[in-house]
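Data block below; observations after.
The values are calculated or read from the model by the stated rules, or taken from the named source; none is laboratory data. Given the structure is predicted, the values throughout are model-derived calculations rather than measurements. Cβ sites come from the backbone with ideal geometry, for glycine too, and all protein chains shown count toward neighbours. Calculation scope for accessible area: heavy atoms of the full protein, side chains included, ligands and nucleic acids excluded. Shrake-Rupley method; radii C 1.70, N 1.55, O 1.52, S 1.80 Å.
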Amino acid sequence: MASSIRVRATSNGDTTEVQALIQHPMDSGFVKDAKGEIIPPHFIQVLTFEYDGKPVFVADWGGGVSKDPYVKFAFKGGKKGDDLTVSWIDNKGATDTTTAKIQ
Amino acid sequence: MNITTSEFSGTRRLVLKGAGVAALIGLGVIPFDVPQALAAANDKYPEEAFKQKNEADAIKALYGKTAEPSDKVKMDAPEIAENGAVVPISATTTLADVTSISFLASENPISLIATYRIPAGTLPSVANRIKMAKTSNVTVIVEAGGKLYSASKEIKVTVGGCGG
């Protein structure tokens with residue numbers, strides 16, 4: 001299965017800018033389907049970005065984050081060609097992880 | 001006589017306990033364990049904060065204190081969101097020692113949307129997309145140097161994104 005995470009990390013020599021797009025329904029548990037039944041909550045709770053074995057950014061999310069979430073941040077350091085690891089876990093315990101090269 | 005004995009053994013136990021703790025400190029077990037336990041507590045997903053319905057309760061559950069408005073917290077958000085399911089919002093601050101940035105929408109069924117932990121070396125600037133049930137205030141909270149600073153803006157929502 002293709003990864004649910006698309007991540008782009010670009011270094012300008014001083015800082016690394018990271019943009020990530022994740023495929024996930026992010027159901028809040030407040031929305032009803034066509035039959036009027038509540039769609040149970042299903043959303044990513046923790047999204048972690050690690051560089052050089054240390055977290056550089058951690059997102060704690062609720063059901064209020066949009067479907068197929070997008071996030072952008074930047075950190076100091078990070079060299080071109082180095083690995084950035086992205087992983088998430090949702091409220092049902094599902095996880096995914098991917099590693100991207102800093103460009 | 002008996003009393004004296006038990007008193008003596010009680011004291012002896014205390015002394016032994018004390019010696020045990022001292023030994024553990026000597027071995028470096030306790031100083032090593034404490035920061036680890038603290039780090040674990042900080043890393044935990046803030047489950048309670050994500051259960052609170054209103055904004056004030058969510059901030060209290062998340063940080064245990066209140067925020068003061070600051071013009072050093074900048075929020076970039078649309079005046080009008082045509083689709084409440086996807087509202088692009090970014091926040092940035094000129095404050096130093098930022099440890100976290102959180103987003104809340106006052107009229108959402110669950111006020112807290114997202115909270116981002118910012119380790120040292122990561123810039124205090126985040127962009128994301130949130131859902132909004134209806135027109136309401138969106139608040140950004142920045143935790144810097146152990147204090148909370150906030151910025152709020154009303155965003156008009158034409159079509160809600162949290163059911164309905």
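Dividing the Cα radius of gyration by the Kirkwood radius, what Rg/Rh value follows for chain A? Before the final figure, lay out each step's value.
Values: Rg = 15.3 Å, Rh = 14.5 Å.
When Rh is taken as the Kirkwood radius, the ratio is 1.06.
Treating only the Cβ atoms of Lys and Arg (+1) and Asp and Glu (-1) as charged, compute the dipole magnitude of the range A:5-102 about its Cα centre; round to the nearest 20 debye. Kindly include the intermediate steps, with their values, before the conclusion.
On the way: 12 positive and 13 negative charges, 43 e Å.
For this selection, approximately 200 debye.
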- Query: Can you list residues whose amide H is under 5 Å from A:SER66's amide H, if they're 5+ apart or on another chain and H is modeled 1.01 Å from N?
  - Reply: B:ARG129, B:ILE130, B:LYS131
- Task: Mind grabbing the accessible area of A:ASP27 for me, 1.4 Å probe, Å², rounded to tens?
- Result: 40
- Tell me, what HN-Hα J-couplings in whole Hz come from the Karplus equation 6.51 cos²θ - 1.76 cosθ + 1.60 at θ = phi - 60° for each residue of the range A:40-53, using x for Gly and Pro? x, x, 7, 8, 6, 9, 10, 10, 10, 10, 10, 10, 6, x
- Item | Whichever lysines have a C-alpha closer than 26 Å to that of A:LYS101, once near sequence neighbours (fewer than 8 apart) are set aside | A:LYS54, A:LYS67, A:LYS72, A:LYS76, A:LYS79, A:LYS80
- Using only atoms on other chains, find how many Cβ atoms lie within 10 Å of each Cβ of peptide A:70-76 and report the average. 6
- Task: Provide B:LEU123, B:LEU104, B:LEU95 ordered by accessible surface of protein heavy atoms (probe 1.4 Å), highest first.
- Result: B:LEU123, B:LEU95, B:LEU104
- Kindly report, to the nearest 10 Å², the accessible surface of B:GLU47 as traced by a 1.4 Å probe over protein heavy atoms only. 90
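Estimate for me the total accessible surface buried between chains B and A (protein heavy atoms, probe 1.4 Å, no ligands or nucleic acids), in Å² to the nearest 100.
Details: alone 10450 and 6380 Å², together 14570 Å².
It comes to approximately 2300 Å² buried between B and A.
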